[in-house]
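One structure is given here, and the rest of the page talks about it.
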Amino acid sequence: NGQPAESSLGQPLQAVLGAAPAAMALQALRSLPGEGTPLYAGSIEDPRGGAHAPLAMVVHRHLGLNFVELEPAHGTADVFSSMYPLVRTFINSLHGAHGVGELALLAAREIQRITGYGRTKVYSFDAEGAGHVIAEALQPGYPSYMDQRFPASDIPAQARALYVRNRIRLIADADYVPVPLVPERHPASGGATDLTYASLRSVSPVHVQYMKNMRTLSSMSMSIVVRGRLWGLISCHHHSARVPPFEVRTACEHVAQMLSLQIEAKEDHAEAEYRLELRHTLSRLLA
């Protein structure tokens, strides 16, 4: 509403957003199926008025707290109206893929097409947690990481656990300046507010420096989770700051979920074929 953040403490949501947007947020919060999963509540006019662009409102619930996040809205209607044909075409492509590598390449190309990131790579983790780039899609001027391997220490265990819970993460601009929460401690609990599922949460300064060392100012990653385990990641990089809107991120998250299901199906099929071959071999030995 253009006022200092401190002036809003203790005020009802409508005092900050206005009556209609506050009602939208509360209705979306009531419809949440559970904790953790963000829900797009709709687009609203910026309460500050003037030439400010509309805002996308995203809500979620975590540890008994309700979160309402606002970010610039871009092309909401266009992206959501095109999501069904996007998903349908991608699913048809996945069904025709012959192996995990081909599945990963299809996903990398689709994510790059949706987002416009300069480099999109898919990498898998082995039993020890080391990463291996198995597919990528590149724009001119971006170096290839295809078939490169990364040590397990690249992604600490704490980060891996977070990747299973929060399956899409965005750093729009590595040169961003973090903004502290107001208040710093939650007034009811007195503890730190857990922003695990917040789109606008800050990230580790070590990771930001890691990005800059790679000449990457914007990154986005989606988790590939198979049977509840972090199987791999789809990782996007760009040389300049980039802010894919929530609607685009939602489409990318769907692609990652479909890839996860297809990888699980391929692995199950390969396991079944292997067991069948073992039975045939045993039968021949017994004969």
Checklist line | Residue, nearest to GLN209 (Cα to Cα), within the range 148-171, restricted to residues that are assigned to a loop (DSSP other than H, G, I, E, B) and open to solvent by 50 Å² or more (accessible area, probe 1.4 Å) | finding: PRO156
Notebook entry, point to check: Any residue at all in the range 180-198 that is under 16 Å from the mean Cα position of the chain (by Cα), in a strand (DSSP E or B) and of a type in the set (Val, Ile, Thr)?
Noted result: no
Next item on the list: Report, by residue number, each residue of the range 5-14 that is modelled with pLDDT under 90 and open to solvent by less than 80 Å² (accessible area, probe 1.4 Å).
Entry: ALA5, SER7, SER8
Next item on the list: Please verify whether the range 235-246 includes one or more residues that are surrounded by 20 or more Cβ atoms within 10 Å (Cβ to Cβ), at pLDDT below 90, under 18 Å from the mean Cα position of the chain (by Cα) and not charged (D, E, K, R).
Entry: yes
Margin query: Against the definition (free of Cβ contacts under 8 Å to residues at least 60 places away in the same chain and open to solvent by 70 Å² or more (accessible area, probe 1.4 Å)), how does PRO143 come out, yes or no?
Written below: no
Check: Any chance the range 109-119 includes a residue that's open to solvent by 20 Å² or more (accessible area, probe 1.4 Å), free of Cβ contacts under 8 Å to residues at least 60 places away in the same chain and more than 21 Å from the chain's Cα centre (by Cα)?
Finding: no
Notebook entry, point to check: Taking GLY228 and the conditions (1) out of contact with any strand residue (DSSP E or B) (no Cβ under 8 Å at 6 or more places or on another chain); (2) closer than 20 Å to TYR145 by Cβ, which numbered condition does it fall short on, given that it satisfies the others?
Noted result: (2)
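Matching residues to (1) in contact with a Gly (Cβ under 7 Å, 6 or more places away or on another chain); (2) modelled with pLDDT under 90; (3) closer than 19 Å to SER199 by Cα:
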site	(1), (2), (3)
VAL79	no, yes, yes
HIS98	no, yes, no
GLY101	no, no, no
ALA107	no, no, no
ARG113	no, yes, no
Next item on the list: Name every residue in the range 214-265 that is touching a residue at least 24 places away in the same chain (Cβ under 8 Å), of a type in the set (S, T, N, Q) and in a loop (DSSP other than H, G, I, E, B), in order of residue number.
Entry: THR216
Margin query: Could you check the range 188-213 and list, in sequence order, the residues that are under 24 Å from PRO4 (Cα atoms), open to solvent by 70 Å² or more (accessible area, probe 1.4 Å) and touching a residue at least 12 places away in the same chain (Cβ under 8 Å)?
Written below: LEU200
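The values are calculated or read from the model by the stated rules, or taken from the named source; none is laboratory data. Given the structure is predicted, the values throughout are model-derived calculations rather than measurements. Note that each Cβ is placed from the backbone with ideal geometry, even for glycine, and that neighbours are counted across all protein chains shown. Surface accessibility is based on the protein's heavy atoms, side chains included, excluding ligands, DNA and RNA. Shrake-Rupley method; radii C 1.70, N 1.55, O 1.52, S 1.80 Å.
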